[in-house]
Amino acid sequence: MRSKIVFTLLLILVYRIGTHIVLPGIDPTKLANLASNNSGMLGMIDMFAGGAFKQASIFALGIMPYISASIFMQLMTVLVPQFQKMQKEGDSGRKKINQYTRYLPVSVKIVQASAYVKYLTTMTKETGAILPGYGGFFWLSTVVVLTAGTLFVMWLGEKITDKGLGNGTSLIIMVGILSRLPTSFFQEFTAKSAQSGSLLIFIIEIAILIGIILGCILLIQGVRKIPVNYAKQIVGNRQFGGARQFLPIKVNSAGVMPIIFAQAIMFLPTLFSLTKTATGQSISAIFTDHRNVWYMVIYAGVVIGFTFLYTALIFNPKQIADNLKQNNGFIPGVKPGQPTADYIGTIMDKVTLPGAVLLAFVGILPGIAQRLGVTAGFSSFFGGTSLLIMVGVILDTLQQIETQLLMRQYDGLMKSGRIQGRQTVTPASY
């Protein structure tokens, strides 16, 4: 375990060093415009890249293409019958899907890298950050370096998953988010220190942040357990089955995906600013200000809608009911087959509603924090994608560490109790 932890930390250190290596042909002292325009969708990309986007690093786009490809392939396994069949083939089918997931980011990366070159050229035109000697082949060198950088980050994530603590991609994203915490914390402390009597407010903010983190843990770990009985089978002189188990229905089955989708959708209305009209400018102003009340209301509605949509895509009560029937399992008081599917679907809808509302509330917490006087950088840790990813990845990592310790007959991480694993509701689990 010690060697796995050290190996993971070393690879994370390599990644963090790479985020500070500037692309060839760029003067890093003239990149102020990139940092000042770090908002909206660009801000989310910079968050996932650990600040490498605004630094024009070789890992500027980070692992975002791989995340996009993973989401796309996950949706394909639900919507396309051919991919569904491939997923049911077992390890061979999953290996094929993983291989496609590795190939797809290359083409995505070339498109995103080309757009990033255009963005760099526009933002650094006045400052002259791009060295004149690189003007002729800057596009080609940047696309090649950024594509290789993404592939290298993907390789780091896979190595952490295979030989480290696991969840390599998630750990890389979490470390990138946490890298902004010390700077944001210091900025908030400095801002409050400049005001007389505001240190008490700063302490209250920290206490509220801890309370929000505890609430997010409850949201992520919360499940509704449906009792499931299995019929007894006697083979020879031995009895099989007859055990009483539970079917866990998570309060937040969709995870952080609704917030990511909602942020992408909320970015589209900002394109009205390109019309140069008064109406377009006012619409764009609403969707670029996270403190705006209308932005919060629309954002919360989009998150709730996407939560139900994504849960319906990844959760199939009919398939779970069929698997229970094939394994001689049944829910007490409910007939097998379609009545079981309807029962599970009804409970899923009832559980998803409060989970979606809570998820939407977590999503708008950064805007509420800004309205209450918290700095923009520090407010991002009060909710939204940053907080959910950090809490979820830390819980997963702790669970993996404890599982590996218990497999070797060691004690767990905590003497008072064991960390409850984040059970994913999938038909393959039953």
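Annotation note: Cβ proximity below 8 Å between a residue of the range 76-99 that is outside any loop (DSSP other than H, G, I, E, B) and a residue that is exposed (fewer than 12 other Cβ atoms within 10 Å of the Cβ) (sequence gap 6+ or interchain) occurs for 93/85.
Taken together, the criteria place residue 395 among residues that are under 30 Å from residue 203 (Cα atoms) and surrounded by 15 or more Cβ atoms within 10 Å (Cβ to Cβ). Return yes when residue 36 is at pLDDT below 75, at negative phi and exposed (fewer than 14 other Cβ atoms within 10 Å of the Cβ) and no when it is not. Spelling it out, residue 36 is indeed at pLDDT below 75, at negative phi and exposed (fewer than 14 other Cβ atoms within 10 Å of the Cβ). For residue 425, are the conditions met, namely being at pLDDT below 80 and open to solvent by less than 20 Å² (accessible area, probe 1.4 Å)? Criteria met by residue 425.
Sub-7 Å Cβ pairs linking a first residue in the range 268-297 that is under 17 Å from residue 367 (Cα atoms) and modelled with pLDDT under 70 to a second residue that is of a type in the set (Lys, Arg) and in a loop (DSSP other than H, G, I, E, B), at least 6 apart or interchain, number zero.
Can you pull out every residue in the range 57-72 that is buried (at least 18 other Cβ atoms within 10 Å of the Cβ) and either more than 17 Å from residue 169 (Cα to Cα) or not hydroxyl-bearing (Ser, Thr, Tyr) (or both)? Correct list: 57, 58, 59, 60, 61, 62, 63, 64, 65, 69. Among the conditions (1) modelled with pLDDT of 80 or more; (2) surrounded by 17 or more Cβ atoms within 10 Å (Cβ to Cβ); (3) not in a loop (DSSP other than H, G, I, E, B), the only one that residue 118 does not satisfy is (2). Right, residue 50: assigned to a loop (DSSP other than H, G, I, E, B), touching a residue at least 24 places away in the same chain (Cβ under 8 Å) and loosely packed, with under 15 Cβ neighbours inside 10 Å or not? Considered against the rule, which asks whether it is assigned to a loop (DSSP other than H, G, I, E, B), touching a residue at least 24 places away in the same chain (Cβ under 8 Å) and loosely packed, with under 15 Cβ neighbours inside 10 Å, residue 50 comes out as no.
Across the range 324-337, not a single residue is classified as among the polar types (S, T, N, Q) and either under 30 Å from residue 181 (Cα atoms) or open to solvent by less than 20 Å² (accessible area, probe 1.4 Å) (or both). In summary, residue 111 fulfils each of the numbered conditions (1) in contact with a Ser or Thr (Cβ under 8 Å, 6 or more places away or on another chain); (2) β-branched (Val, Ile, Thr); (3) exposed (fewer than 14 other Cβ atoms within 10 Å of the Cβ) with the single exception of condition (1). Screening 124, 77 for residues that are among the hydroxyl-bearing types (Ser, Thr, Tyr) and modelled with pLDDT under 75 leaves exactly one candidate, 124.
If the condition is being in a helix (DSSP H, G or I), in contact (Cβ under 8 Å) with a residue 24 or more places away in the chain and open to solvent by less than 50 Å² (accessible area, probe 1.4 Å), then the range 171-204 contributes 171, 172, 173, 174, 175, 176, 177, 184, 188, 191.
Taking the range 366-388 as the range and being of a type in the set (A, V, I, L, M), part of a helix (DSSP H, G or I) and open to solvent by less than 20 Å² (accessible area, probe 1.4 Å) as the test, the residues that pass are 369, 387, 388.
Residues are listed down the side, and each one gets a yes or a no for (1) hydroxyl-bearing (Ser, Thr, Tyr); (2) modelled with pLDDT under 80; (3) open to solvent by less than 60 Å² (accessible area, probe 1.4 Å); (4) out of contact with any Leu (no Cβ under 6 Å at 6 or more places or on another chain):
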| position | (1), (2), (3), (4) |
| --- | --- |
| 131 | no, yes, no, yes |
| 135 | no, yes, yes, yes |
| 141 | yes, no, yes, yes |
| 147 | yes, no, yes, yes |
| 160 | no, no, yes, no |
| 163 | no, no, no, yes |
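For residue 352, indicate whether it is polar (S, T, N, Q), farther than 24 Å from residue 307 by Cβ and either in contact with a Phe, Trp or Tyr (Cβ under 6 Å, 6 or more places away or on another chain) or touching a residue at least 24 places away in the same chain (Cβ under 8 Å) (or both). Taking the combined requirement at face value, the residue does not satisfy it.
The values are calculated or read from the model by the stated rules, or taken from the named source; none is laboratory data. Keep in mind that what you see is a predicted model, and the values were worked out from it rather than measured. Glycine gets a Cβ as well: all are built from the backbone with ideal geometry, and neighbour counts include every protein chain shown. Please note that ligands, DNA and RNA were not included when accessible areas were found on the heavy atoms of the full protein model with its side chains. Shrake-Rupley method; radii C 1.70, N 1.55, O 1.52, S 1.80 Å.
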